[in-house]
1. Could you give the angle, 0 to 90 degrees to the nearest 10, between helix 189-199's Cα long axis and the longest principal axis of the Cα atoms of the chain?
2. Between residue 204 and residue 170, how many nm apart are label points set 7 Å from Cα along the C-beta direction?
3. Relative contact order of the range 57-103: what whole-number percent is it, with Cα pairs under 8 angstrom and at least 6 residues apart?
4. For the chain, give the share of DSSP beta bridges that are antiparallel, in percent and rounded to the nearest 5; count only bridges with both residues there.
5. Please give the FRET efficiency for residue 100 paired with residue 63, using the beta carbon to beta carbon distance and R0 = 30 Å, rounded to the nearest 0.05.
6. Helix-derived [θ] at 222 nm for the chain: sum -39500 (n - 2.57) over DSSP H runs of at least 4, divide by residue count, nearest 500?
7. For the range 88-157, take N as its residue count and report Rg(C-alpha) divided by 2.2 N^0.38 Å.
8. Do you know the relative contact order of the range 7-169, to the nearest whole percent, from alpha carbon pairs under 8 angstrom that are 6+ apart?
């Protein structure tokens with residue numbers, strides 16, 4: 001990292017993250033550094049060890065350590081779920097619980113994931129035909145609006161508001177999601193269908209465990225619509 005870095009952005013490299021990066025560069029054409037990774041990526045050494053004005057986490061695979069948060073005047077995460085669905089598997093649990101609304105939030109970051117003060121929450125209705133894929137797509141679109149709202153205020157030097165709402169529960173964990181994805185063939189039809197709807201996603205199907213073996217319910221290798229095409233990479 002160079003001393004010129006003012007804004008540090010943690011993100012992925014798929015379509016939505018490229019669009020978010022392009023939007024951030026509109027507001028901060030200089031002094032921005034992007035740290036991209038995939039699920040399971042390890043943070044590069046030396047990242048975030050100097051004073052920063054702003055840290056942004058947008059669909060980032062990284063859990064940002066306190067050492068980096070402490071070096072920044074402000075650290076904000078953009079979470080693809082409402083205050084009712086923190087943590088992993090937020091789309092899945094919303095569908096499983098038959099939630100009627102969904103959305104996304106921007107919030108200040110704390111060392112524990114999805115616990116910081118909420119800046120803004122935007123919601124939309126969940127339709128009966130919604131799937132994990134469509135809910136993800138709609139929430140990512142909402143995240144872009146939240147990001148733009150925040151950047152406009154921050155770049156103009158205006159006070160960052162608070163939503164006046166709190167997280168309604170502890171974050172869902174990856175282990176909880178993996179348990180949800182395991183279908184029980186002995187369960188009643190409503191439970192089986194609910195779990196299938198809540199976890200069926202192209203390339204990442206739910207599974208049935210029976211007779212000491214694991215069977216995938218679907219073998220679809222199709223790319224989800226949210227990641228089926230790429231934008232040109234954003235210049236760092």
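Read-outs: derived from the displayed coordinates by stated rules, not from any lab. Worth saying up front: this structure is predicted, and the values here are computed from it rather than measured. Cβ atoms come from the backbone with ideal geometry, glycine included; neighbour counts cover every protein chain shown.
1. Once rounded, one gets 30 degrees.
2. In this crude spin-label approximation the distance works out to 2.3 nm.
3. Normalised by residue count, the contact order of the range 57-103 is 34 percent.
4. 45 percent
5. Working: r = 31 Å, r/R0 = 1.02.
Result of the calculation: an efficiency of 0.45.
6. -8500 deg cm²/dmol
7. Dividing the Cα radius of gyration by 2.2 N^0.38 Å gives 1.22.
8. Details: 286 pairs, mean separation 33.7, N = 163.
Contact order relative to length: 21 percent.
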